């Protein structure tokens, strides 16, 4: 999770500095509409990163708010991957260089989301306890 959250920050830093080589870029990378589409992920990705890094910090200090914040981060990360995969599917663009990282973003959080959700349930009611 730490590497993924730092990866979000690194990706947008590298992208903002124009350091992605054209041969590694996705199709129509320079098209203004595609540039806008790519930057539209900034807020979900950086929010996932901020909540993830904060949750890890809180968990290292044994704070109870760490796990709920981690759940938020993981859900945002999976949503970001799903949004990108859905977009590439609609475009009929199946470049593995962009599918693999986005499938990773979609799939890696799922076991942790399930674990955090099950662990957060009350053993008597089957419902998540109120705060």
- prompt: Just to be sure, is residue 92 at pLDDT below 95 and either in contact with a strand residue (DSSP E or B) (Cβ under 9 Å, 6 or more places away or on another chain) or on the phi > 0 side of the Ramachandran plot (or both)?
  reply: yes
query: Going by the conditions given, is residue 6 in contact (Cβ under 8 Å) with a residue 40 or more places away in the chain and in contact with a helix residue (DSSP H, G or I) (Cβ under 6 Å, 6 or more places away or on another chain)?
result: no
task: Would you please name the residue that is modelled with the lowest pLDDT, looking only at residues in region 64-87 that are farther than 18 Å from residue 112 by Cα and either out of contact with any helix residue (DSSP H, G or I) (no Cβ under 7 Å at 6 or more places or on another chain) or surrounded by fewer than 20 Cβ atoms within 10 Å (Cβ to Cβ) (or both)?
output: 87
- prompt: Residues of region 88-100 being loosely packed, with under 12 Cβ neighbours inside 10 Å, out of contact with any helix residue (DSSP H, G or I) (no Cβ under 8 Å at 6 or more places or on another chain) and assigned to a helix (DSSP H, G or I), which ones?
  reply: 89, 90, 96, 100
task: State the number of residues belonging to region 9-38 that are under 17 Å from residue 83 (Cβ atoms) and without any contact (Cβ under 8 Å) to a residue 12 or more places away in the chain.
output: 4
- prompt: residue 58 is checked against (1) at pLDDT 95 or above; (2) out of contact with any helix residue (DSSP H, G or I) (no Cβ under 6 Å at 6 or more places or on another chain) and fails just one. What number does that condition carry?
  reply: (2)
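The values are calculated or read from the model by the stated rules, or taken from the named source; none is laboratory data. In this text the structure is predicted, and so the values were computed from the model without any measurement. Because the Cβ atoms are built from the backbone with ideal geometry, glycine has one as well, and the counts that use them run over all protein chains shown.
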